[in-house]
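A.B. asks: Following this message is one structure expressed as structure tokens.
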Amino acid sequence: MSIRTDRLRQFLAGIACDAVLVSKKENVRYYSGFSGSNAQLLITPDQAWLLTDFRYVEQATQQAPDFSILRYSGSPYPVMTETLASAYPGKKLTIAFEGDFVVHDTFEALKTALPESAWQSCSLESLRMQKDAEELRLIHQAMEISQQAFAQILPLIKPGARECDIALELEFAMRRRGAEGKAFDFIVASGARGALPHGVASEKELCEGELVTLDFGAVYKGYHSDMTRTLCLGTASEKQLEIYNLVLKAQEVGCAAIQPGITGKDVDAAARQVIISGGYGEQFGHGLGHGLGLMIHEEPRLSPVGDRILTIGTPVTVEPGIYLPGWGGVRIEDTVVVSADGCINLTAGTGKELLEIR
Ligand SMILES: [Mn+2]
């Protein structure tokens, strides 16, 4: 059984539970290797079951060799109940479930199916925070794909191009390079739309003199990348340059603050102070960054409420921004990995000085 499952069992012991039901598909994949859309894991100190339906039995057998595959049709609960009753006859089990994922109706059904068991809500999200070497390789590759795709489509970013066409070309370029999909709906926000931190690409055409923010990423073998660059169409005005350089300074200070042992909120505060000092604190209304991996947003959060401590091997984004309604915005984002003496920047292949497209 894998190191990951060992760690999950230690976690179970720590919260005094006899079993854990893993339902979220990213966590199912993380512990078992199964990448399909429908399966759940039931893990105890001495057993590991994967429950799935007819469509996925063969795939689960191949991808999750450490798990005993239990096939069900319709509802998984009768098989679950039977399996636990025969493995632990007469024992009143305390079962952990993902309270941050399982919906209320499912929880009610679980209680009905296993009325003798006690249920304990837990979150498994922080257990995926620190990545192993293979996970970091996949995130790095997803980032390489993003950066190469961005370099390829750069000549298409010019006055008259539509935001949505740029987003589409970026996606094509990523998929041709091996991405299995896009990490999220790409943000291409030009001119005044740049004030929308999550301004998904629209039909708006780019215009001379505008700033354009592009936020994008690839998925490679389940793992995500995330980066943002803001460009200028033409020569930047004094104000565009002032705001851009302030965000860049904050981004660099944020990266420099990262080291093992620091909390997410201390990194956030270091970068945020730069923007507050520049007079734009109110216009930076989101957290500095987030972890990523099998999901685009994971623990730890780099934000004013980010209590988690950064550890070596944890990838996080660093993405300050300034947004001025009616005027536009600037965001710059790299993905970095916490290392022994700071961090390694996976986005180092793409420059951060303001690119003026002429
Ligand atoms: Mn991000």
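The values are calculated or read from the model by the stated rules, or taken from the named source; none is laboratory data. Since we're looking at a predicted model, the values are computed, not measured. Note that each Cβ is placed from the backbone with ideal geometry, even for glycine, and that neighbours are counted across all protein chains shown. Side chains included, ligands, DNA and RNA excluded: accessible areas come from the protein's heavy atoms. Shrake-Rupley method; radii C 1.70, N 1.55, O 1.52, S 1.80 Å.
A.B. asks: Mean projection of the alpha-carbon convex hull of region 283-358 over all orientations, in nm²?
C.D. replies: Convex hull of Cα atoms, orientation-averaged projection: 6.9 nm².
A.B. asks: In degrees from 0 to 90, rounded to the nearest 10, what is the angle of the helix 77-87 Cα long axis to the longest principal axis of the chain?
C.D. replies: 60 degrees
A.B. asks: Among the trypsin sites (Lys or Arg not before Pro) within region 2-51, which fall in a DSSP loop and have no more than 12 other Cβ atoms within 10 Å of their own Cβ?
C.D. replies: Counting only loop positions with at most 12 other Cβ atoms within 10 Å, none of the trypsin sites (Lys or Arg not before Pro) in region 2-51 qualifies.
A.B. asks: If I model a spin label at Ala348 and Thr94 as a point 7 Å from the Cα along the Cα→Cβ vector, what separation in nanometres do I get?
C.D. replies: Once both label points are built, they end up 4.7 nm from each other.
A.B. asks: Right, another one. With N residues in region 3-127, what two-decimal value do you get for its Cα radius of gyration over 2.2 N^0.38 Å?
C.D. replies: It is 0.97.
A.B. asks: A further question follows. Calculate the FRET efficiency for Thr61 and Arg308 from the Cβ-Cβ distance with a Förster distance of 41 Å, rounded to the nearest 0.05.
C.D. replies: 0.70
A.B. asks: Given the alpha-carbon gyration tensor of the chain, what are the semi-axes of its equivalent ellipsoid in whole angstrom, ordered largest first, with each equal to the square root of 5 times an eigenvalue?
C.D. replies: Taking √(5λ) for each Cα gyration eigenvalue gives 43, 22, 17 Å.
A.B. asks: GNM on the chain, C-alpha springs below 10 Å: top fluctuator among Glu208, Glu82, Glu180?
C.D. replies: It is Glu82.
A.B. asks: Among Ser37, Trp119, Met80, flag the residue with its Cα farthest along the positive direction of the charge dipole of the chain, charges on Cβ as +1 for Lys/Arg and -1 for Asp/Glu.
C.D. replies: In the chain, that residue is Met80.
A.B. asks: Could you work out the relative contact order of region 20-65? I mean the mean sequence separation of Cα pairs under 8 Å and 6+ apart, divided by the number of residues, in percent.
C.D. replies: The normalised contact order for region 20-65 reaches 35 percent.
A.B. asks: Run the dipole for the chain about the Cα centre, Lys and Arg Cβ at +1, Asp and Glu Cβ at -1, nothing else charged, and hand back the magnitude in debye, nearest 20.
C.D. replies: With only Lys, Arg, Asp and Glu charged at Cβ, the dipole is about 360 debye.
A.B. asks: Work out the charge dipole of the chain with +1 on the Cβ of Lys and Arg and -1 on the Cβ of Asp and Glu about the Cα centre, then indicate which of Gly160, Gln240, Tyr223 is farthest towards its positive end.
C.D. replies: It is Tyr223.
A.B. asks: A follow-up question, please. Taking a cut-off of 18 Å between Cα atoms, list the aspartates and glutamates near Lys91, but don't count ones fewer than 8 places away on the same chain.
C.D. replies: Asp18, Asp46, Glu82, Glu116
A.B. asks: Also, quick follow-up: Per DSSP H run of n ≥ 4, the term is -39500 (n - 2.57); total these for the chain, divide by its residue number, and report the mean residue ellipticity at 222 nm rounded to 500 deg cm²/dmol.
C.D. replies: Calculated at 222 nm, the ellipticity per residue is -10500 deg cm²/dmol.
A.B. asks: Hey, can you find the accessible area per residue of region 3-127 for me, probe 1.4 Å, expressed in square angstrom?
C.D. replies: About 48 Å² of surface per residue is accessible.
A.B. asks: Next question, about the same structure. Could you work out how far helix 238-257 tilts from the main Cα principal axis of the chain, as a 0 to 90 degree angle to the nearest 10?
C.D. replies: 40 degrees
A.B. asks: Stretched out fully, how many nm does the piece from Leu324 to Lys111 gain, at 0.36 nm a residue minus the Cα gap?
C.D. replies: Stretched out fully, the Leu324 to Lys111 stretch lengthens by 71.7 nm.
A.B. asks: Still on this structure, I have one more. Quote the FRET efficiency, to the nearest 0.05, computed for Leu154 versus Gln259 with a Förster distance R0 of 56 Å and r equal to the Cβ-Cβ distance.
C.D. replies: 0.95
A.B. asks: Which angle between 0 and 90 degrees, to the nearest 10, do you get for helix 163-176 versus the longest principal axis of the chain when only C-alpha atoms count?
C.D. replies: Taking Cα atoms only, the helix is inclined about 50 degrees.
A.B. asks: Using Cα centres only, tell me the gap between region 117-176 and region 78-94 in whole Å.
C.D. replies: Each part reduced to its Cα centre gives a spacing of 41 Å.
A.B. asks: While we're here: For region 84-173, which trypsin sites (Lys or Arg not before Pro) are both in a DSSP coil and crowded by at most 10 other Cβ atoms within 10 Å?
C.D. replies: Lys92
A.B. asks: Related question: Please give the residues of region 144-176, grouped as numeric ranges, whose backbone N is less than 17 Å from a label point set 7 Å along the Cα-to-Cβ vector of Glu205.
C.D. replies: 156-167
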